[in-house]
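A quick write-up on the structure given underneath.
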Amino acid sequence: DGVLRLLPGSGGIVLNRRVGDPAVGLAADHMEAGVSLHNNGREVVGPRNGPNQALMFYACVGNRARVTSGPAEGAEGTVVGKHGGINHVIVDFPPHVKRRLVIGDRVQLDAYGQGLELPDFPDVRVQNLSPRLLRRWGVRTVRGRLLIPVTHTVPAEVMGSGMGRSEGVLGDLDIQLSDPLLVRRFRLGSLRLGDLVAVCPLDYRYGPSRRPGTVTVGVVVHSDSKVAGHGPGMTPLLIAPASCVRLVCQPRANLALVLGLRRSVATPARGARAYRF
């Protein structure tokens with residue numbers, strides 16, 4: 001809107017926000033509500049950014065993370081997203097752990113999930129999704145279709161920064177909130193960090209593209225933005241033909257509750273209902 005704003009941005013250790021908190025309406029820009037990881041490997045074979053590319057590729061939402069140095073050594077957290085462009089893996093830790101963490105502490109991930117397949121649904125592509133999250137999410141088979149709990153459905157026409165990328169495992173795609181009519185219609189002003197959302201129609205198998213008849217379900221990983229074309233970011237988890245899935249709107253479909261990271265979260269969006277294709 002042409003107004004200069006200087007706001008807290010991405011990276012670091014965010015002490016006062018976690019998954020389950022609002023992603024919209026904050027005095028922040030692309031805020032990552034957790035601990036942001038970046039692998040600065042000093043001795044590499046190949047591209048200089050190879051170590052961080054490996055971290056971004058292998059990390060899956062729901063993976064466990066363990067602090068291996070510093071005052072909080074031994075503490076455990078959970079991967080809750082990946083932020084492209086700045087190339088961070090975002091990890092949620094309990095508040096008492098974050099207060100003991102120091103910039104430069106090392107964190108090691110138990111990275112598993114890439115390559116996960118659903119044998120009964122060969123047309124469904126899985127990306128960035130740990131088996132731990134899949135087990136707890138509540139995804140199940142009903143009459144030959146996958147029933148997937150989500151908090152929101154998002155129209156593909158509002159997707160912004162990240163479109164045109166050539167892959168789907170190294171980042172996220174932003175939800176633009178510049179159209180007030182669409183924001184109200186799809187309740188996008190109530191998006192929370194950690195919400196599991198469906199974008200329709202969107203195919204994220206080889207990088208995001210608008211493709212009729214295809215649904216991408218992902219997780220909100222960072223806050224809103226004041227930059228044109230940007231907004232809350234979504235890391236993809238499941239990509240499926242619309243004929244294979246049934247989306248059910250459940251306000252509790254948030255990582256904080258699904259994975260038991262918190263006992264309570266921000267007030268859920270109203271108007272929960274089932275969506276059919």
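Which net charge results when you count Lys and Arg as +1 and Asp and Glu as -1 among the other residues whose beta-carbon is under 13 Å from that of residue 226?
Numbers: positive: 5; negative: 1, 29, 174, 224.
Counting the neighbours of residue 226, the net charge comes to -3.
Compute the Rg/Rh shape ratio of the range 134-242: radius of gyration over Kirkwood radius, all on alpha-carbon atoms.
Details: Rg = 13.3 Å, Rh = 14.0 Å.
Reported Rg/Rh (Cα atoms, Kirkwood Rh): 0.95.
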Item to complete: Treat each spin label as a single point 7 Å out from the Cα along the C-beta direction, and report the residue 140 to residue 96 distance in nm.
Response: 3.5 nm
Discussion item. Taking all protein chains in place and a 1.4 Å probe, what share, in percent, of the accessible surface of the range 153-206 do carbon and sulfur account for?
Written reply: 54 percent
Worksheet entry | Dipole axis of the range 13-110 (+1 Lys, Arg; -1 Asp, Glu on Cβ), positive-most option in 54, 13, 70 | 70
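Within the P(r) computed for the chain, what percentage of the Cα pairs occupies the region above 32 Å? Before the final figure, lay out each step's value.
Details: 6878 of 38226 pairs.
Tail fraction, whole percent: 18.
Once you charge only the Cβ atoms, +1 for Lys and Arg and -1 for Asp and Glu, what is the size of the charge dipole of the chain about its Cα centre, to the nearest 20 debye? Present the calculation step by step, with values, prior to reporting the outcome.
Working: 35 positive and 21 negative charges, 181 e Å.
Dipole about the Cα centre, nearest 20: 880 debye.
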Item to complete: Work out, step by step, the length gained on full extension between residue 7 and residue 40: first 0.36 nm times the residue separation, then minus their alpha carbon distance; give nm to one decimal.
Response: 9.3 nm
Discussion item. Using helices alone, I'd like the mean residue ellipticity at 222 nm for the chain: each DSSP H run of four-plus residues gives -39500 (n - 2.57), total over residue count, nearest 500.
Written reply: -2500 deg cm²/dmol
Practice prompt. Name the most mobile residue of 260, 194, 20, meaning the one with the largest mean-square fluctuation, in a Gaussian network model of the chain with Cα contacts below 10 Å.
Written response: 260
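Rank by packing, highest mean first: peptides 208-219, 140-151, with packing defined as the count of other Cβ atoms within 10 Å averaged across residues.
On the way: 208-219: 21.8, 140-151: 15.6.
Ranking the peptides 208-219, 140-151 by packing returns 208-219, 140-151.
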Discussion item. Before I look further, what does the chain give for accessible area per residue, probe 1.4 Å, in whole square angstrom?
Written reply: 47 Å²
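The values are calculated or read from the model by the stated rules, or taken from the named source; none is laboratory data. On a predicted model such as this, the values are computed, not experimentally measured, just so you know. Here Cβ is always computed from backbone atoms with ideal geometry, including for glycine, and neighbour counts include all displayed protein chains. Heavy atoms of the whole protein, side chains included, go into the accessibility calculation; ligands, DNA and RNA do not. Shrake-Rupley method; radii C 1.70, N 1.55, O 1.52, S 1.80 Å.
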